[in-house]
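Accompanying notes for the structure given below.
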Amino acid sequence: MSVHVLDKYYLVITLLVTIAYQLSGFAIAWTFQACLLRHFTGGSNFFILALLTLLLGQSSHPRNIVATVFVLIWAVRIAGFLLYRVLKTGSDTRFDDIRSKFLSFLGFWVGQILWVWTVSLPLTILNSPSVVESNVPAFGTAADIIGVVLWVIGWVIESYADQSKFRWKSSKPPKWQVMQSGVWKWSRHPPYFGEILCWWGIWTLSISPTLKDSVPAGTKSAQYAGLASPLFTMLILIFGSGIPTSEKPQAKRIYILSHKEGASDEEVQGWVAYKEYLRSTSILFPIPRPIYRPLPTFIKKYILLDLPMFHFDEKTEGPKALEENRRQ
């Protein structure tokens with residue numbers, strides 16, 4: 001029985017390939033205590049699934065080629081940038097506490113399996129036999145155009161933000177400073193915003209075939225199920241390994257620098273400047289400061305997602321942070 005019949009949406013084969021690839025990476029990383037592989041295997045796994053499904057589906061449709069090329073470009077950039085950044089800095093401190101703990105370290109790789117497979121779903125389904133063999137509309141629908149625009153804007157923002165932040169950090173600025181130039185002046189996390197746009201773009205491209213009545217209802221449902229990709233991306237970046245891992249830790253670090261014994265005048269003023277930065281700069285969506293600054297707190301928190309869970313409370317958490325710092 002052909003793979004087309006056994007797995008008409010390529011869900012099983014892509015899951016098995018992802019599991020095998022990630023667990024192989026984990027085995028090597030655990031054996032040699034090398035965290036660098038995780039950065040490479042994440043992006044490269046997206047590349048493998050995109051190319052694999054395009055070749056298996058044998059589609060020459062422009063939509064499939066464009067969507068696949070977009071994912072290949074995104075995967076090469078993200079894998080290359082993350083690997084280069086870690087090689088230049090010499091380590092990834094996020095793994096220092098878990099690299100010697102088998103189950104904890106494995107958990108990161110299992111999470112990566114879920115991330116790669118879920119986020120790849122729109123392209124996986126688009127390249128699958130059920131869509132490729134359907135009478136899909138010609139490339140150039142409204143959904144195609146919107147998808148391309150979203151992806152291009154997102155990729156440019158993410159790429160530019162990552163590169164500019166890396167160059168800024170390489171200049172070794174004072175520890176109490178945060179980057180506030182370019183797109184970072186309008187958003188505290190522009191790479192995350194760009195990545196979210198990229199995957200909304202891929203999903204929007206993937207649903208163009210649903211505009212054709214001749215496409216089976218089951219295939220349409222599968223394509224809409226690919227909505228899990230941009231939603232999962234948003235969930236991870238906003239509530240998981242994205243914003244939460246940087247907002248409070250950064251605020252805590254600057255607070256300690258400005259309140260420790262012997263702090264310089266610049267360090268003391270660093271906390272004042274940082275609070276103004278939080279008040280003036282959108283947490284995710286790029287918004288000019290003159291527009292964002294006067295917005296009501298309710299809108300900033302619950303519409304623009306600057307949620308209380310991300311905030312460092314200097315009254316309740318400050319004294320504890322200083323005490324912890326003194327003990328170190």
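Quick note: the coordinates plus some simple rules give every number you see, no bench work behind them. Small disclaimer: the values here were computed from a predicted structure and weren't measured. Virtual Cβ from ideal backbone geometry, glycine too; neighbours counted across all protein chains shown.
A few points about this structure:
- Relative contact order of segment 76-199, defined on C-alpha pairs under 8 angstrom at six or more residues apart (%): 27
- Computed log₁₀ I(q)/I(0) - Debye formula, equal Cα scatterers, no solvent, segment 250-327, q 0.10, 0.20, 0.21, 0.23 Å⁻¹: -0.28, -0.90, -0.95, -1.05
- Separation in nanometres of the label points that stand 7 Å from Cα toward Cβ, at Tyr84 and Arg253: 2.2
- Two-site label geometry, Ser181 and Lys101: point separation in nm, points 7 Å out along Cα→Cβ: 3.9
- Projected label points at Ala138 and Thr31, each 7 Å from Cα along the beta carbon direction, are separated by 5.4 nanometres.
- When the Gaussian network model of the chain links Cα atoms closer than 10 Å, the mean-square fluctuations of Pro209, Pro296, Pro286 top out at Pro296.
- Partners for Lys172 among lysines (Cα-Cα distance below 23 Å; same-chain residues under 8 apart left out): Lys88, Lys185, Lys248, Lys252, Lys260, Lys275
- Centroid-to-centroid, using Cα positions, segment 59-73 and segment 145-177 are 24 Å apart.
- Net length available on complete extension from Thr297 to Arg327 is 7.2 nm, with 0.36 nm assigned per residue and the Cα-Cα distance removed.
- Potential lengthening of the chain between Leu235 and Gln163 amounts to 23.5 nm, from the contour at 0.36 nm per residue minus the alpha-carbon distance.
- Residues Glu133, Glu276, Glu247 in ascending order of nearby Cβ atoms (within 10 Å, fewest first): Glu276, Glu133, Glu247.
- Förster radius 41 Å - calculated FRET efficiency between Arg289 and Phe40 (Cβ-Cβ, nearest 0.05): 0.65
- Exposure proxy for His39, His189, His259: other Cβ atoms within 10 Å of each Cβ, ordered fewest to most, give His259, His39, His189.
- Overall form of segment 3-245 per C-alpha gyration tensor (a/c, 1.5; a/b vs b/c): oblate
- Most to least packed among 113-123, 196-206 [average Cβ atoms within 10 Å]: 196-206, 113-123
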